[in-house]
Amino acid sequence: MADYVKMWKDLGMDLENHDLLCQVLPTAVGDVFLTQENRPAAMDFWDLVISEVHGIRPAELIEEQKKGRKVFGTFCVYVPDEVIIAADGIVTGLCGGSQFWVPGGEAVLPKSTCPLVKASVGARLGRTCPFFRIADMYVGETTCDGKKKAYEILGEDVPMYVMDVPQMKREKDTLKWKGEIEEFAQKVEEFTGNKVTPEKLGEAIHIVNEKRRALARVYECRKSECLPISGRDALLMMQISFFDDPARCAQMCNRLADELEQRIKDGVSVVPAGTKRILVTGTPLAVPNWKLHNIIETSGAAVVCEEMCTGTRYFENLVSEDGDTLDEQFMDLSRRYMKTNCACFTPNRGRIDDILRMAKEYHADGVIDCSLKFCCLYDTEKYTVSRALKEAGVPVLSIETDYTDADAEQLRTRIGAFVEML
Ligand code: BJ8
């Protein structure tokens, strides 16, 4: 621990405030995760990582920086990790998921900004997150207005590159996104001093595909009627995957999937037969936002899938590995990323089709559509999502929440009643 204190100091962090954050996390981990029974043994990896979330990985990143590698902090699953990896850079997620950082964000942003954006800005300005201190460059994107404007503030004291994400999915938009990826690759080359060659990009595409395949294997197990892992544990695995080395992430997820597949064969479930199965959909749940899963899973139901960016949107759809030239590979990347169904696109019918398909595949008894407060995009899309689900005969509960515990009891009552009627 002492080593980390020196590291945090060297990073220019506000140690006093950071101590306060460090005090709340262990209780949260204990309450949410360690109270569960019959967890897969392979969760030991994620328990360790989360117990020292501001220590282990940051220390690794700093070691790599000493060797000359650059760290890129990202906020959206539209940013193509492959390009960064091809230039020997390292990617780390930066989205803030703790209420601890929200007041710091509110000091500079309108209160009516979503908590994810406020927490991200608060984490940077408050100097209480090592990942925000370590990243050599931030990579933003033009998805929602809150993020776009926040990047202008974040970019004041750290190099910030913003990718222009299209808002529609026509062929010309896919071509435009290809162009954006190409330009981003030039920027990454400049910043790292390393060339993105077809060989390097091919390898990077393979590495990230392997990670996607491993995450998908874990999710595949969650489709089983014999549920081998809780939603909370799956969410933790998913959240950490944004920070971890991609090859190790794949290795650990495959190790977990091996165990889950065996559990299914042996009939080992984490919940009693007949437990109601919930698919959650909506805005991302950035670490350590476990509020929704915790309430659902302590209300007699189990979360079996997240149609979210911290969920299926992160790993579904592979990038073709057939491209030989950079031109082909950039197009393959564009095609894959443009399949991600974010509510910032119009229309966004693909998301509704995904939710309907996944509700079937994961044998969900009901869907909870949850958006973060002040996320106008996902909140508006609730209308079409719930109409489509009702038409398909799938019960749906729409909720809006933030990172505070203020509405926890009210949510518990609503979710409890929803589960009861399934
Ligand atoms: S691809 S979901 S990761 S943009 S919750 S900050 S949208 S006001 S996070 Fe997202 Fe990329 Fe889309 Fe996924 Fe804005 Fe909404 Fe906040 Fe959001």
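The values are calculated or read from the model by the stated rules, or taken from the named source; none is laboratory data. Everything numeric in this text was worked out from a predicted model, so none of it was measured. Backbone-built Cβ (ideal geometry, glycine too); neighbour counts: all protein chains shown. Note: areas computed on protein heavy atoms with side chains; ligands, DNA, RNA excluded. Shrake-Rupley method; radii C 1.70, N 1.55, O 1.52, S 1.80 Å.
Which one is farthest from the ligand (Cβ to nearest atom) among residues in segment 65-96 that are open to solvent by less than 10 Å² (accessible area, probe 1.4 Å), part of a strand (DSSP E or B) and in contact with a helix residue (DSSP H, G or I) (Cβ under 7 Å, 6 or more places away or on another chain)? So, considering only residues that are open to solvent by less than 10 Å² (accessible area, probe 1.4 Å), part of a strand (DSSP E or B) and in contact with a helix residue (DSSP H, G or I) (Cβ under 7 Å, 6 or more places away or on another chain), the one farthest from the ligand (Cβ to nearest atom) is V71.
Filtering I205, I295 for residues that are more than 17 Å from the chain's Cα centre (by Cα), at negative phi and crowded, with 23+ Cβ neighbours inside 10 Å leaves a single hit, I205. Of all residue pairs spaced 6 or more apart or on separate chains, those with beta-carbon atoms under 6 Å, a first member in segment 261-286 that is open to solvent by 40 Å² or more (accessible area, probe 1.4 Å) and a second member that is away from the ligand (no atom under 16 Å from the Cβ) and assigned to a strand (DSSP E or B) are V271/A302; K276/A301. M13 falls short on exactly one of the conditions (1) open to solvent by 30 Å² or more (accessible area, probe 1.4 Å); (2) more than 16 Å from the ligand (Cβ to nearest atom); (3) within 26 Å of L116 (Cα to Cα); (4) not in a helix (DSSP H, G or I), and that condition is (1).
Quick check, is Y403 within 16 Å of the ligand (Cβ to nearest atom), open to solvent by less than 80 Å² (accessible area, probe 1.4 Å) and part of a helix (DSSP H, G or I)? No; evaluated as a whole, the condition is false for this residue. Among residues of segment 208-242 being over 18 Å from W290 (Cα atoms) and touching a Ser or Thr at 6+ places or on another chain (Cβ under 6 Å), the one that is least open to solvent (accessible area, probe 1.4 Å) is L227. Is it the case that segment 150-163 has a residue that's closer than 26 Å to S371 by Cα, more than 11 Å from the ligand (Cβ to nearest atom), assigned to a loop (DSSP other than H, G, I, E, B) and open to solvent by less than 30 Å² (accessible area, probe 1.4 Å)? The answer is no; no qualifying residue exists. Could you list all residues from segment 118-149 that are in a helix (DSSP H, G or I), within 12 Å of the ligand (Cβ to nearest atom) and either over 28 Å from E183 (Cβ atoms) or open to solvent by less than 10 Å² (accessible area, probe 1.4 Å) (or both)? K118, A119, S120, V121, listed by residue number. Considering only residues in segment 46-64 that are assigned to a loop (DSSP other than H, G, I, E, B) and open to solvent by 10 Å² or more (accessible area, probe 1.4 Å), the one that is nearest to the ligand (Cβ to nearest atom) turns out to be V53.
In this structure, P103 does satisfy being surrounded by fewer than 22 Cβ atoms within 10 Å (Cβ to Cβ) and part of a helix (DSSP H, G or I).
Here P110 meets each of (1) of a type outside the set (G, A, S); (2) touching a residue at least 12 places away in the same chain (Cβ under 8 Å); (3) open to solvent by 10 Å² or more (accessible area, probe 1.4 Å) with one exception, condition (2). Does A107 satisfy the condition of being away from the ligand (no atom under 16 Å from the Cβ), more than 24 Å from I50 (Cα to Cα) and touching an Asp or Glu at 6+ places or on another chain (Cβ under 8 Å)? No: the conditions fail for A107.
The rows are residues; the columns are (1) open to solvent by less than 50 Å² (accessible area, probe 1.4 Å); (2) within 16 Å of the ligand (Cβ to nearest atom); (3) in a helix (DSSP H, G or I).
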{"position": "S320", "(1), (2), (3)": "yes, no, no"}
{"position": "G323", "(1), (2), (3)": "yes, no, no"}
{"position": "D327", "(1), (2), (3)": "no, no, yes"}
{"position": "F330", "(1), (2), (3)": "yes, no, yes"}
{"position": "R336", "(1), (2), (3)": "yes, yes, yes"}
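Within segment 277-304, track down each residue that is away from the ligand (no atom under 16 Å from the Cβ) and part of a strand (DSSP E or B). Listed by number, the residues that qualify are R277, I278, L279, A301, A302, V303, V304. Scanning segment 340-350 turns up at least one residue that is over 28 Å from H206 (Cβ atoms) and in contact with a Phe, Trp or Tyr (Cβ under 6 Å, 6 or more places away or on another chain).
Listed here are the residues, each with its yes/no results for (1) over 24 Å from V139 (Cβ atoms); (2) of a type in the set (D, E, K, R).
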| site | (1), (2) |
| --- | --- |
| P166 | no, no |
| K169 | no, yes |
| P198 | no, no |
| G202 | no, no |
| K211 | no, yes |
| L215 | no, no |
| E225 | yes, yes |
| D233 | yes, yes |
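Any idea which residue in segment 164-178 is surrounded by the most Cβ atoms within 10 Å (Cβ to Cβ), counting only those that are assigned to a loop (DSSP other than H, G, I, E, B) and not polar (S, T, N, Q)? It comes out as V165. In the set (1) open to solvent by less than 50 Å² (accessible area, probe 1.4 Å); (2) away from the ligand (no atom under 16 Å from the Cβ), the condition left unmet by E183 is number (1).
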